[in-house]
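The values are calculated or read from the model by the stated rules, or taken from the named source; none is laboratory data. Only a predicted model underlies this, so the values are computations on that prediction, with no experimental measurement involved. Methodologically, a virtual Cβ is constructed for each residue, glycine included, from the backbone with ideal geometry; neighbour enumeration extends over all protein chains shown.
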Amino acid sequence: MNALLAIVLALSGVESPITSQTPDSANVVISMVHQQKFRNSGHHPWNNRRVTFRLTNRSNKAAIVYGFKVDSAFYPAGYMLERETTGDKWRYPTGETSDPGFQSIPEPERDRYTLRAGMTMDFQAEMSFLEVGRHFRRTVYITLDEGELPHEVASEEFVLK
């Protein structure tokens, strides 16, 4: 259905709200599974929303996920996109509406994690109470083929509560 929507929008001259239309986007899926309010006593006290995402590999082969390791945890590299208040365009933190590409990911965030076929991994993001009510998508850079340049896969839209 998403592919059909992208084709109809492309033919009508409207920019597709779907950021990734590679074959891998159907095989590796990001979903928002949980949101919670928490008390942040750290150096960013306005970040008091924790969002848990799940990356699911539905393919029949391993997915290479790019990101960075901290202690024993792995955090996928990608972006939190915000939907513009008018239209269906998605904004990156840079203010752009198009994928800056894997080359924009700093070298320290290019560690690799192998997500085996049929497996999932959960990861979290902290967000601000100032963003409550806004519409977001989370992206991750992955590849299913070792020699292929990583590409962006986006989650479905969610509203921060």
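What to note about this one:
- Any hit, the range 42-56, residues being surrounded by 12 or more Cβ atoms within 10 Å (Cβ to Cβ), of a type outside the set (S, T, N, Q), under 23 Å from S98 (Cβ atoms) and in contact (Cβ under 8 Å) with a residue 40 or more places away in the chain: yes
- Among strands (runs of 3 or more DSSP E) entirely within the range 98-152, having at least 3 residues that are in contact with a Lys or Arg (Cβ under 8 Å, 6 or more places away or on another chain) singles out 120-127, 135-143.
- Residue match in the range 116-138 (condition: among the polar types (S, T, N, Q), surrounded by 14 or more Cβ atoms within 10 Å (Cβ to Cβ) and over 27 Å from K69 (Cβ atoms)): no
- Pairs where the first residue, in the range 96-120, is free of Cβ contacts under 8 Å to residues at least 24 places away in the same chain and the second is surrounded by 12 or more Cβ atoms within 10 Å (Cβ to Cβ) and not acidic (D, E), C-beta under 7 Å, 6+ apart: P100/Y92
- Residue match in the range 79-95 (condition: surrounded by 13 or more Cβ atoms within 10 Å (Cβ to Cβ) and of a type in the set (G, A, S)): no
- Just one of (1) over 16 Å from the mean Cα position of the chain (by Cα); (2) under 18 Å from Q35 (Cβ atoms) fails for M127. It is (1).
- Spans of strands (runs of 3 or more DSSP E) in the range 48-97 with at least 1 residues farther than 18 Å from E126 by Cβ and of a type in the set (S, T, Y): 49-57, 63-70
- Filtering E82, E96, E109, E148 for residues that are under 15 Å from the mean Cα position of the chain (by Cα) and at pLDDT below 95 leaves a single hit, E109.
- The listed residues are V29, V33, V51, V8, and the only one of them that is over 20 Å from the mean Cα position of the chain (by Cα) and either under 24 Å from R134 (Cα atoms) or modelled with pLDDT under 90 (or both) turns out to be V8.
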